[in-house]
Amino acid sequence: MWWSMSWRNLWRNRRRTLLTIAAISLGQLVLIIMVSFTSGMFDMMLEQVAKSGMGHVQLHHPEYLEKKTAGLSMPDAGAMLAAVEAVDGVDGVSPRLLFSGAIRSSTSSAVQVVKVMAVDPVREARFSALSDKVIAGGFVTPPEGAGDPQAPLRMRNRKGILIGAKLAQHLKVELGSKVRLDTAGFHGATVATAFWVTGILQTGSDSFDKQMVLVPLAAMQEATGAGDVVHELSVMVSDSTRIEEVAAAIRGVLDLPADGTVAPGGPPVVVQPWWEVSPDIKQMLDLSGTYNGFLYMLMMVILSAGILTTMFMVVYERRREFGVQLALGTGRLQLFWGVMLEALWIAMVAAGAGLILGAIAVYFLVTYGLDLSFIVGGFDFQGMFIENVYRGSAAPEVFVGPSLVVIIGTVLFALWPALKVARMKALDAIRQGL
């Protein structure tokens with residue numbers, strides 16, 4: 001009976017009730033969109049960071065990340081690569097040599113300092129999102145004729161290089177152009193190597209497209225005298241919730257201490273999940289919880305304005321009615337619950353409408369994303385490229401959190417006017433209502 005009575009009372013002033021429900025629903029819609037957007041953005045950034053080069057787990061020489069010198073490498077890279085690829089849960093592994101260098105061409109007087117990443121083209125193409133950014137040529141492919149056994153030796157020895165579109169403009173080169181790359185060697189001397197441009201990529205980040213080049217791993221191992229060594233093994237895990245488990249399994253396969261340290265006399269290798277490699281990125285991604293908390297607080301402010309205004313107007317307009325009910329013997333607790341049930345009806349109807357609208361909005365946000373390229377281009381963070389098309393998240397918490405905020409917040413804010421009704425005196429309420 002109380003449920004039906006409170007429902008009928010709610011629609012005695014249809015316009016006010018509808019406006020209140022609309023305001024709360026729209027607030028919930030905005031909250032769902034923002035939570036979906038921020039959660040999806042941070043998830044996408046983590047995925048992009050992983051696919052831009054970092055991966056989920058990395059293997060390095062213990063001192064490499066601190067000093068970044070060419071000699072701090074991991075030996076027996078081929079055997080180590082095979083062992084890591086065989087670990088359960090590993091989706092892909094990319095071996096790399098990493099250098100700083102300078103690149104120039106005969107068609108320009110410019111000399112550009114670049115970051116050089118020597119990769120296994122096949123493994124890196126499966127691993128990295130950069131392979132989708134190639135706008136001309138191929139992804140670290142050999143020059144035309146280099147694979148032909150009938151070609152002259154000078155043709156067969158040519159090496160391909162992938163450069164960014166901005167760097168190509170800066171050096172005034174195109175596909176097939178020759179460039180010279182100077183890097184540090186493994187025996188102290190600077191190594192100058194000729195490459196032919198076989199691919200041009202465009203990420204949307206000017207700094208990335210101007211400062212990053214990719215070359216074949218085997219070519220750089222030979223040119224620098226590195227041999228069978230790499231600076232980094234970057235590992236992609238098939239299930240991102242198992243990163244620590246897979247990292248522990250890799251340590252076990254390589255006979256490394258379980259605590260991530262290096263045993264005396266053991267191989268000079270450390271296995272680290274991505275958040276240990278780059279704690280700055282981890283700290284940035286952790287801000288998503290703080291940001292969502294701020295959004296929830298903002299929604300509570302919207303609720304307080306809508307619910308308090310509506311419920312106090314209900315109390316003001318019906319004070320004579322409440323006084324008569326008290327005079328006829330209606331209990332104060334019954335009046336209290338009557339007002340609370342009206343607020344609960346408003347909360348449930350508004351939450352339902354907000355969920356429907358939110359589901360529609362999240363569908364488009366997940367399916368099509370939000371292209372912000374007209375505001376900002378893609379950007380790189382610590383050498384890793386992040387795209388500018390953001391997609392929302394459809395995780396359950398995107399809908400559960402805002403809905404709970406609406407329902408719980410509405411009920412909480414209705415306590416004040418409900419208590420005011422319960423404390424009314426029958427005679428005073430009847431007089432004020434005349």
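The values are calculated or read from the model by the stated rules, or taken from the named source; none is laboratory data. A quick note: this is a predicted structure, and the numbers were derived from the prediction, not measured. No Cβ is skipped: glycine too gets one built from the backbone with ideal geometry, and neighbour counts run over all protein chains shown. Side chains are part of the model used for accessible areas, which takes the heavy atoms of the whole protein and leaves out ligands, DNA and RNA. Shrake-Rupley method; radii C 1.70, N 1.55, O 1.52, S 1.80 Å.
Placing +1 on the Cβ of every Lys and Arg and -1 on the Cβ of every Asp and Glu, with nothing else charged, gives the stretch 1-109 a dipole about its Cα centre of roughly 1260 debye.
Using the Karplus relation 6.51 cos²θ - 1.76 cosθ + 1.60 with θ = phi - 60°, the per-residue 3J(HN,Hα) values for the stretch 95-105 come to x, 9, 10, 10, 9, 9, x, 10, 10, 8, 9 Hz, with x marking Gly and Pro.
Both radii were evaluated on the Cα set of the stretch 41-112; the Rg over Rh quotient, with Rh as the Kirkwood radius, amounts to 1.08. Other residues lying with their Cβ under 13 Å from the Cβ of residue 136 contribute a combined charge of -1, Lys and Arg counting +1, Asp and Glu -1. Ligands, DNA and RNA are left out, and with a 1.4 angstrom probe the accessible area of the stretch 1-95 is 45 Å² per residue. Using the Cα gyration tensor of the stretch 5-70, with a ≥ b ≥ c the square roots of its eigenvalues, what is the shape: rounded (a/c below 1.5), prolate (a/b larger than b/c) or oblate (neither)? Since a/c reaches 1.5 and a/b is larger than b/c, the shape of the stretch 5-70 is classed as prolate.
What's the center-to-center distance, using Cα atoms, between the stretch 181-225 and the stretch 85-145 in Å? Centre-to-centre distance over Cα atoms comes out at 8 Å.
Here the relative contact order of the stretch 185-276, from alpha carbon pairs under 8 Å that lie six or more residues apart, stands at 19 percent.
The H on the amide N of residue 164, modeled in the peptide plane, is under 5 Å from the matching H of 201, 212, each at least 5 residues off or on a different chain.
Taken one residue at a time, the phi angles of the stretch 356-370 give Karplus couplings (6.51, -1.76, 1.60, θ = phi - 60°) of 5, 5, x, 4, 5, 5, 5, 4, 5, 5, 6, 6, 10, x, 10 Hz. Gly and Pro are set to x. Among the trypsin sites (Lys or Arg not before Pro) in the stretch 1-99, which ones are in a DSSP loop with at most 15 other Cβ atoms within 10 Å of the Cβ? Mind listing them? Taking the stretch 1-99 and a limit of 15 other Cβ atoms within 10 Å, the loop trypsin sites (Lys or Arg not before Pro) found are 68.
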